[in-house]
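One structure is given here, and the rest of the page talks about it.
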Amino acid sequence: MAYTDIDKPSDYFNTVLYTGNASASRSITGVGFQLGTDAAVNENGQTFVAWNWKAGTSFTNDASATGIGTIDSAGSASDASGFSIVSYTGTGSAGTIKHGLSATANFMIIKNRDAARSWNVYFGDQTKYMYLNDTAAQADAGTIIWNNTAPTSSVFSIGTDNGVNQSGEKYIAYVFSQKQGYSKFGSYTGNGSANGPFNYLGFKPAWLVIKRTDSTGNWHMFDNKRNPHNVVGQNLYANITQVEGTDNTCDFLSNGFKLTASSNSRNGSGNSYIYMAFAENPFVTSTGVPATAR
């Protein structure tokens, strides 16, 4: 039985569906953000999905004054849900940055805000990296991406690559720390069968991303709002602009997810995959209430 400190995951993550109307300063119910008229987020008559995480507590860090990290940072953090948004300015020299959480980061996305660089992804291994905006396999990072140094409970490390640390350029980092019953970042090996692997999460999923790591593959994104029933198959990709497709991929269960197709991009025999998932409900709440099946 899984225990969790977060009985209501939607307080920290939710998925919202809406239809665009091209109106300025449009408020979206259920998430607390406003939209403009740009077609990418509010084209009239088109359907949209928004995935939303709540951080919350603001922080600033003067590294030389606090002794935490070597590069100044500022941001917003939710220690309860293990999520922070961190901004910093690159120095061009390898360094460390306060992330605002009290637990070690398991997953990070970093983007250069001043230049056309890729979205660097850290997934539990300081020797590897991927890009959220392309299909490439997980690759060796050397020292230039994560400085071959694992994150700690207070900081993460960056090397000298211009995607994470060009001198004078501004960066944004999204930092996640796994929380039992709410989030999980894991891996599995495909079996090439429609009776695919089951992955235990300790919660009923609200959102799931799958990426093949040993070869090329898209970043597949699924959620419980576009897919209210099994089989889960309404598919979007983080790395391309393609419209939503329909496929037989997996089932969302009360305690995890199970692959239901043999696609090489999600369940090829012997292939390696990673996933990140967030909860609709914990498998068992802190008061002992179990999650129900779909």
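The values are calculated or read from the model by the stated rules, or taken from the named source; none is laboratory data. Treat the numbers as computed from the prediction; the structure is a model and nothing was measured. Reconstructed Cβ throughout: ideal geometry from the backbone, glycine too, with neighbour counts over all protein chains shown.
Tabulated values for the structure
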read-out	value
Hey, Ile109 among the β-branched types (Val, Ile, Thr) and assigned to a strand (DSSP E or B) or not	yes
Hits in region 245-262 - residues which are closer than 22 Å to Ala137 by Cβ, of a type in the set (S, T, N, Q) and crowded, with 20+ Cβ neighbours inside 10 Å	Thr249
Filter result for the condition that a residue is surrounded by fewer than 18 Cβ atoms within 10 Å (Cβ to Cβ) and in a strand (DSSP E or B), over Val31, Val16, Val41	Val16
Thr60 part of a strand (DSSP E or B), more than 24 Å from Ser118 (Cβ to Cβ) and at pLDDT 95 or above	yes
Where a residue in region 113-133 is farther than 11 Å from Tyr171 by Cβ and its partner, wherever it lies, is charged (D, E, K, R) and in a loop (DSSP other than H, G, I, E, B), with Cβ under 8 Å and at least six apart	Ser118/Asp134
Condition met for Asn218 (assigned to a loop (DSSP other than H, G, I, E, B) and either at positive phi or touching a strand residue (DSSP E or B) at 6+ places or on another chain (Cβ under 8 Å) (or both))	yes
Filtered residues of region 57-86 (kept if farther than 30 Å from Glu280 by Cβ and among the hydroxyl-bearing types (Ser, Thr, Tyr))	Thr60, Ser64, Thr66, Thr70, Ser73
Lone unmet requirement of (1) of a type in the set (A, V, I, L, M); (2) part of a strand (DSSP E or B); (3) in contact with a Phe, Trp or Tyr (Cβ under 7 Å, 6 or more places away or on another chain) for Ile145	(2)
